[in-house]
Amino acid sequence: ATPAAKEEKSNLLFDGVSFTNWEGDTSYWKIRDGAIYGEVTPEHPLEYNTFLVYTGELPANFELTLEYRISEQGNSGVQYRSQEVPGLRYALKGYQADIDGANTYTGQNYEERGRGFLAKRGESVEFKTGVGPVLLDSLGSQEELRNTIKTNDWNELVIKAAGFRYEHFINGKKMSALLDADTVNRAGNGLLGLQLHVAPQMWVEYRNIRLKSLPAQ
């Protein structure tokens, strides 16, 4: 393999065939056609949001790229720099790039079990201690950005985390940007996880999960 090919392979977090370096409730998570597949059914419901958690080493600053596909009634997300929730197995709290089949929230930055909405789709914000999000700039209208997201098809999600600056991109379009200046609640490192959300019925798929280190900003 060429040096470039070796580097690309080393950046893969999911090998397409096994749960190596991933841990979660495999009664909900499967591997199908080279993708991670999570499903909730009426016969197998969820009591709380569950995550497939990456157990390998992660740099503090990174660019994560993956492809996802989700059912129209689905709700999911990619959580990063997150922490385990005491007493709940495979539950996480922390920053999340939201994904939903209706594309109501897709692309925003939401803190699960924390401060809630940090940067909504179309917003570049600074989140200040004791104040909350302060709008810095607009990245486009909700509808304009929503139109770049495919329904019932694969989309590319990119998450950039450098220092305390976070950017979410879908299909090459910046969806949200956050400068987390909340020195009480922000996190500089933590876990990476894929979410399966409580719902009557839904499924989500993830594939081509790659990561590269970034310098701090």
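The values are calculated or read from the model by the stated rules, or taken from the named source; none is laboratory data. Owing to the predicted nature of the structure, the values given are computational and were not obtained by experimental measurement. Ideal geometry is used to build each Cβ from the backbone, glycine not excepted, and the neighbour counts take in all protein chains shown. Please note that ligands, DNA and RNA were not included when accessible areas were found on the heavy atoms of the full protein model with its side chains. Shrake-Rupley method; radii C 1.70, N 1.55, O 1.52, S 1.80 Å.
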Quiz item: Can you give the helix-only mean residue ellipticity at 222 nm for the chain, where every DSSP H stretch with n ≥ 4 adds -39500 (n - 2.57) and the sum goes over all residues, rounded to the nearest 500 deg cm²/dmol?
Solution: -1500 deg cm²/dmol
Quiz item: Can you give the relative contact order of the stretch 66-214 as a percent, counting alpha carbon pairs under 8 Å and 6+ residues apart?
Solution: 32 percent
Quiz item: Where the accessible area of the chain is counted over protein heavy atoms with a 1.4 Å probe, how much of it, in %, is carbon and sulfur?
Solution: 47 percent
Practice problem: Over 22 Å between C-alpha atoms is what I'm after, so list which of LYS128/LYS212; LYS150/LYS173; LYS174/LYS212; LYS30/LYS173; LYS128/LYS160; LYS120/LYS212 land there. | Solution: LYS128/LYS212; LYS30/LYS173; LYS120/LYS212
Practice problem: Grab the Cα-Cα distance for GLU72 and ARG89, subtract it from 0.36 nm times how many residues apart they are, and report the gain in nm with one decimal. | Solution: 3.4 nm
Practice problem: Nearest 5 is fine: what % of DSSP beta bridges in the chain come out antiparallel, could you say? | Solution: 90 percent
Self-check item: Efficiency of FRET from Cβ geometry, TYR48 and ALA102, R₀ 25 Å, rounded to 0.05
Solution: 0.70
Quiz item: Per the Kirkwood formula on distinct C-alpha pairs, the Rh of the stretch 39-160 is how many angstrom?
Solution: 15.9 Å
Exercise. Skip the ligands, DNA and RNA, and give the accessible area per residue of the stretch 76-169 with a 1.4 Å probe, whole Å².
Key: 44 Å²
Practice problem: At most 10 other Cβ atoms within 10 Å plus a DSSP loop assignment makes a site exposed; report the longest stretch of the chain without any exposed GluC sites (Glu not before Pro). | Solution: 58-217
Quiz item: Out of every Cα-Cα pair in the chain, what percent are more than 33 Å apart?
Solution: 11 percent
